1. Tell me the helices (runs of 4 or more DSSP H) entirely within the stretch 110-212 that contain at least 1 residues that are closer than 18 Å to residue 227 by Cβ and open to solvent by 60 Å² or more (accessible area, probe 1.4 Å).
2. Does the stretch 93-104 hold any residues that are farther than 21 Å from residue 66 by Cβ and open to solvent by 20 Å² or more (accessible area, probe 1.4 Å), and which are they?
3. Kindly indicate the residue of the stretch 140-159 that is more than 13 Å from ligand 2 (Cβ to nearest atom) and among the hydrophobic types (A, V, I, L, M, F, W, C) and also nearest to residue 194 (Cα to Cα) among those meeting that condition.
4. Can you pull out the strands (runs of 3 or more DSSP E) entirely within the stretch 9-95 that have at least 3 residues that are modelled with pLDDT of 95 or more and under 18 Å from the mean Cα position of the chain (by Cα)?
5. If I ask for residues that are open to solvent by less than 40 Å² (accessible area, probe 1.4 Å) and in a helix (DSSP H, G or I), which ones from the stretch 222-245 would you list?
Amino acid sequence: RAKAEGRRCYHFYIPEMDAALQERMELDQAMRQALEQNEFHLVYQPRVELVTGRALSLEALVRWRHPQWGMVSPGRFIPLAEETGFILSLGPAILREACEQIRVWKARGVPTVPVAVNLSAREFREPGVVERILTVLAETGLDAGDLEIEITESAAMSSIDQTIRTLTELHGHGIRISIDDFGTAYSSLNYLKRLPVHAIKIDRSFVSDMEQDPANHPEDAAIIRAIIGLGETLGLKVIAEGIENTLQRDFLLDHGCVQGQGYLFSRPMPAEEVEHMLLHSKALDPGDS
Ligand code: C2E
Ligand code: MG
Ligand code: MG
Ligand code: MG
């Protein structure tokens with residue numbers, strides 16, 4: 001009887017596991033080809049001064065346009081690339097493209113702002129990561145201040161001693177670091193205090209959960225206030241992610257958060273649009289009120 005049940009389980013589960021595994025293998029295979037065939041490109045989302053909408057810096061975000069599947073979301077392929085190690089090929093290509101883009105802008109006299117590149121946990125743990133970044137900066141003729149690095153709170157807080165060493169080195173070379181998705185990893189404040197970081201980014205979930213009205217989401221509002229207070233205490237810049245409406249922006253401003261990004265100001269844009277924005281240094285429309 002147990003055997004019969006066991007067989008039933010076998011027939012029921014394995015085909016599904018096969019399908020999931022098959023899909024991941026297909027995606028992984030496609031990613032590797034995509035890099036050779038230049039299917040990846042970067043878009044840039046401004047991080048703005050909330051009160052004026054002026055772009056202070058940009059965040060580079062990778063996009064993948066597959067010839068048959070269309071756009072594949074980084075939320076789908078980045079975690080897989082991390083797992084399979086493909087990120088160790090993709091990551092350097094992303095960093096290089098971002099730096100190359102800044103170089104081109106500077107050469108054309110575009111008034112640039114710093115560009116933040118997301119570094120995945122696996123890349124951040126890779127030996128020689130600091131040298132790799134410095135090499136790309138040198139080869140593209142950029143200053144350390146042209147580039148910023150974003151690493152997630154969970155990546156930063158695992159192997160804390162190594163994190164401190166790597167961040168201290170980057171900091172020593174003048175490269176600014178932001179802690180991404182802050183508030184999601186329950187990090188020890190004692191550790192945060194020891195990290196030479198420049199900014200913390202309030203995770204989008206806290207901002208977007210406020211939906212239309214912060215008053216209806218007292219917990220999220222309280223967490224946001226706490227993160228802003230923490231930033232003030234530790235002397236860190238606080239950047240809010242995912243601002244979609246003026247209520248969210250005004251709540252943040254009222255509580256002392258002066259910088260953020262989100263669809264209210266701008267979606268991530270292709271390089272040509274960013275160039276236009278930088279050249280005309282037009283304040284992004286922060287909406288009414
Ligand atoms: P992240 O670094 O936290 O990036 C913020 C995400 O929020 C981006 O999604 C951005 O497009 C989105 N976003 C910005 N403003 C709004 C808003 O107002 N509303 C909503 N709903 N979303 C907003 P995206 O580009 O899909 O990237 C998702 C995640 O994938 C990133 O989260 C990051 O973890 C990863 N990722 C993206 N590009 C790269 C990359 O070049 N390298 C690495 N390692 N990871 C990347
Ligand atoms: Mg980010
Ligand atoms: Mg984030
Ligand atoms: Mg995120």
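1. On the way: elements: 121-125, 129-140, 153-157, 160-172, 189-194, 204-208.
Filter on the stretch 110-212 gives 153-157, 189-194, 204-208.
2. At the first step, the residues of the stretch 93-104 found to be farther than 21 Å from residue 66 by Cβ are 95-96, 98-104.
Across the stretch 93-104, the qualifying residues are 96, 100, 101, 103, 104.
3. 157
4. On the way: elements: 40-49, 55-66, 70-72.
Output list reads 40-49, 55-66.
5. If we filter the stretch 222-245 for residues that are open to solvent by less than 40 Å² (accessible area, probe 1.4 Å), which is where we start, we get 224, 227-231, 236, 238-243, 245.
Of everything in the stretch 222-245, those that are open to solvent by less than 40 Å² (accessible area, probe 1.4 Å) and in a helix (DSSP H, G or I) turn out to be 224, 227, 228, 229, 230, 231.
The values are calculated or read from the model by the stated rules, or taken from the named source; none is laboratory data. Keep in mind that what you see is a predicted model, and the values were worked out from it rather than measured. As a convention, Cβ positions derive from the backbone with ideal geometry for all residues, glycine included, and neighbour counts pool all protein chains shown. In case anyone asks, the SASA skips ligands and DNA or RNA and just uses the protein heavy atoms, side chains included. Shrake-Rupley method; radii C 1.70, N 1.55, O 1.52, S 1.80 Å.
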